[in-house]
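Read the structure below first, then the notes.
The values are calculated or read from the model by the stated rules, or taken from the named source; none is laboratory data. Keep in mind the model is a prediction, meaning the values are calculated, not measured. Note: ideal-geometry Cβ built from the backbone for every residue, glycine included; neighbour counts use all protein chains shown. To get the accessible areas, we keep the full protein, side chains included, count just its heavy atoms, and leave off ligands, DNA and RNA. Shrake-Rupley method; radii C 1.70, N 1.55, O 1.52, S 1.80 Å.
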Protein chains: 2
Amino acid sequence: MGERIGFIGLGIMGKPMAKHLLAAGYPLTVHDLVPAPVDELVEAGAARGGSSAGVAAASDVVITMCPDTPDVEAALFGEGGVVEGVREGSLVLDMSSIAPVPTRRFAERLAERGVTMLDAPVSGGEKGAIEAALSIMVGGPDDAFERALPVFQVMGKNIVHVGPAGAGQVTKACNQLVVASTIEAVAEALLLAAKAGVDPAKVREALLGGFAGSRILEVHGERMLAGNFAPGFRIRLHRKDARIILETADEVGVPVPGFRPVAEALQRALDADRGELDHSGLLTLLEDEAGAKVCEAAGT
Amino acid sequence: MGERIGFIGLGIMGKPMAKHLLAAGYPLTVHDLVPAPVDELVEAGAARGGSSAGVAAASDVVITMCPDTPDVEAALFGEGGVVEGVREGSLVLDMSSIAPVPTRRFAERLAERGVTMLDAPVSGGEKGAIEAALSIMVGGPDDAFERALPVFQVMGKNIVHVGPAGAGQVTKACNQLVVASTIEAVAEALLLAAKAGVDPAKVREALLGGFAGSRILEVHGERMLAGNFAPGFRIRLHRKDARIILETADEVGVPVPGFRPVAEALQRALDADRGELDHSGLLTLLEDEAGAKVCEAAGT
């Protein structure tokens, strides 16, 4: 304890995360471009930073939780950004999910000012943020990880130090590749069952016990059976992650033939105005094409 | 108990399954085109059927465990086949993994002779067969399922009656779709980590706790980290299952855009003489293309 924490980005994820830090007794200064969540946090006991620079000036540890790479860059290095207020020896924890290669550049630019950055993207979604049960994948130096660990533990459960700067974002990209591909596979399988005249609920049950078993089949399989695609994690955001995955794969020269059609499906879902659906809503594209619905065949 | 059982097809799976039935005290008659496993079972106490017809003539319940659709058709309806020896009121349990549409036809042809067939494909591989821990997905009438259940329980654990004739094979196709797609996704993710300079063992560990968690990441992820592609379940057989999946998807009009490149990868692996590798060996195709190995980056 004792560290003064700054929190930049109080969106659907950032707001509950910041609240946990406040509840844990950390002195907290916050900022967001949208006023409402800032007011809410200030009412709960946080200080108003006024800008990212203002947050940084009042904090030993600065957390950023932004939608995409350019947002993090602006918060750190833009006008009124963290670098205008931060002091040497401070720690920046970027918990956003952004591209690994720019992440390493950001860490280098901060290091030039005597500031250490960890990339610490999370998984677990809004539910995980609210329940302080996020998985946190951390890249950066050992000593900074040790220093940040008590802070991470207030927000998450499965906290893994995966490697040097950028490693957290690489791990998140791997995570999102597997999650989206598994959603697509489960969607195709349940719809295949439905159209072949077999109750997809029974197929899910039969598959859960064996090698086809996964968290996706368990959780998103149930969403698909219910036809409930309220988010959860939005297709729009997974499409952003898909772009990061494909860019990273191209940069390092790894073929991802299985993931490419899944990325295309995410884009088609966006084009069909389904970006605000949960990512399990990828099923709806297949259902449209097949002229059948998994939820209508479930429980038959 | 009391039922006399016949077993046709004593391969890598069938032999241990038949042994469990013998050990459970069932009178057993066996047949295979290859003499060695027949001799082995006879030495252990089984009777020699001499042909599929001979097995059927000596049995109340006839189990078939064959590699592919034409093998099952030959065992049931070919020269010296089950129909030449089977009596009315008998039960046929086809535990092979074959195409759903011909399965329904086989069930109808047997029904014309007063014989009920259940399709009851399994998952769990050689290990599951040896440990009597197979998952069994069963299609067919309720009363036949009830009659067969004690027999299935000798060989398996997760036994689900999924629906009418063919439903077991549809479920197995769904299972194999999800398994192959998940293997491809895990392979792409671990190789992406390795080439992006992150220890793939740490990535597996970080992903296991979250939404990317699956039996495939657990079991086959470990094989990939070790670079150990000894089967297990062979690429050659999964390629056969992929054909069944694609045919069934086309027949019922379900798009499988995510699975298609995975089926192509299985074919490319066969073309590259890797059909006898475990299906997790799909990773080796990606490794060749990327010029890097997951096992060499693991534990770094």
Original post:
Does the stretch B:84-91 contain any residue that is of a type in the set (S, T, N, Q) and assigned to a helix (DSSP H, G or I)?
Top reply: no
**OP:** Give the residue that is farthest from the chain's Cα centre (by Cα), with candidates limited to residues of the stretch A:262-300 that are among the polar types (S, T, N, Q) and more than 13 Å from A:Glu188 (Cα to Cα).
**Re:** A:Thr300
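Criterion first (at the interface with chain A (Cβ under 8 Å from one of its Cβ atoms) and either open to solvent by 30 Å² or more (accessible area, probe 1.4 Å) or under 26 Å from the mean Cα position of the chain (by Cα) (or both)) does B:Lys240 satisfy it?
Numbers: at the interface with chain A (Cβ under 8 Å from one of its Cβ atoms): no; either open to solvent by 30 Å² or more (accessible area, probe 1.4 Å) or under 26 Å from the mean Cα position of the chain (by Cα) (or both): yes.
So B:Lys240 does not fit the description; no.
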Original post:
Across the stretch A:103-132, what is the total count of residues that are surrounded by fewer than 23 Cβ atoms within 10 Å (Cβ to Cβ) and at pLDDT below 95?
Top reply: 3
Original post:
Mind checking which residues of the stretch A:43-61 are part of a helix (DSSP H, G or I) and either surrounded by fewer than 15 Cβ atoms within 10 Å (Cβ to Cβ) or at pLDDT below 95 (or both)?
Top reply: A:Glu43
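If only one of B:Arg274, B:Arg268 is under 25 Å from B:Arg204 (Cβ atoms), open to solvent by 40 Å² or more (accessible area, probe 1.4 Å) and outside any helix (DSSP H, G or I), which one is it? Before you say what the answer is, go through the steps one by one.
Values: B:Arg268 fails: outside any helix (DSSP H, G or I).
Being under 25 Å from B:Arg204 (Cβ atoms), open to solvent by 40 Å² or more (accessible area, probe 1.4 Å) and outside any helix (DSSP H, G or I) holds for just one of B:Arg274, B:Arg268, which is B:Arg274.
Considering the stretch A:200-230 alone, what residues qualify as being open to solvent by less than 50 Å² (accessible area, probe 1.4 Å) and in a loop (DSSP other than H, G, I, E, B)? Step through it out loud before you land on a result.
We begin by selecting, within the stretch A:200-230, every residue open to solvent by less than 50 Å² (accessible area, probe 1.4 Å); these are A:200-201, A:203-204, A:206-207, A:210, A:212-214, A:216-217, A:219-221, A:224-225, A:227, A:229.
Listed by number, the residues that qualify are A:Gly210, A:Ala212, A:Gly213, A:Gly227, A:Phe229.
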Original post:
Within the stretch B:176-195, can one find any residue that is buried (at least 24 other Cβ atoms within 10 Å of the Cβ), out of contact with any Cys (no Cβ under 7 Å at 6 or more places or on another chain) and more than 10 Å from every other protein chain (Cβ to nearest Cβ)?
Top reply: no
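Here is a check on your reading of the model: is B:Val179 among the β-branched types (Val, Ile, Thr), in contact (Cβ under 8 Å) with a residue 40 or more places away in the chain, in contact with a strand residue (DSSP E or B) (Cβ under 9 Å, 6 or more places away or on another chain) and closer than 30 Å to A:Ala167 by Cα?
Numbers: among the β-branched types (Val, Ile, Thr): yes; in contact (Cβ under 8 Å) with a residue 40 or more places away in the chain: yes; in contact with a strand residue (DSSP E or B) (Cβ under 9 Å, 6 or more places away or on another chain): yes; closer than 30 Å to A:Ala167 by Cα: yes.
Judged against the criteria, B:Val179 is a match.
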Original post:
What do you reckon, is A:Asp71 at pLDDT 95 or above, charged (D, E, K, R) and under 24 Å from A:Asp143 (Cβ atoms)?
Top reply: no
**OP:** Could you run through the stretch B:198-219 and say how many residues are farther than 21 Å from A:Val122 by Cβ and either touching a Phe, Trp or Tyr at 6+ places or on another chain (Cβ under 8 Å) or within 7 Å of another protein chain (Cβ to nearest Cβ) (or both)?
**Re:** 3
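For residues that are out of contact with any strand residue (DSSP E or B) (no Cβ under 9 Å at 6 or more places or on another chain) and open to solvent by less than 30 Å² (accessible area, probe 1.4 Å), scanning just the stretch B:69-79, find the one that is farthest from B:Gly14 (Cα to Cα).
First, the residues of the stretch B:69-79 that are out of contact with any strand residue (DSSP E or B) (no Cβ under 9 Å at 6 or more places or on another chain): B:69-70, B:73-74, B:77-79.
Narrowing the set further to residues that are open to solvent by less than 30 Å² (accessible area, probe 1.4 Å) leaves B:69, B:78.
Numbers: B:Thr69: 16, B:Gly78: 20 Å.
In this case the residue turns out to be B:Gly78.
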Original post:
Within the bounds of the stretch B:4-25, is there any residue that is surrounded by 16 or more Cβ atoms within 10 Å (Cβ to Cβ), at positive phi and either free of Cβ contacts under 8 Å to residues at least 60 places away in the same chain or assigned to a loop (DSSP other than H, G, I, E, B) (or both)?
Top reply: yes
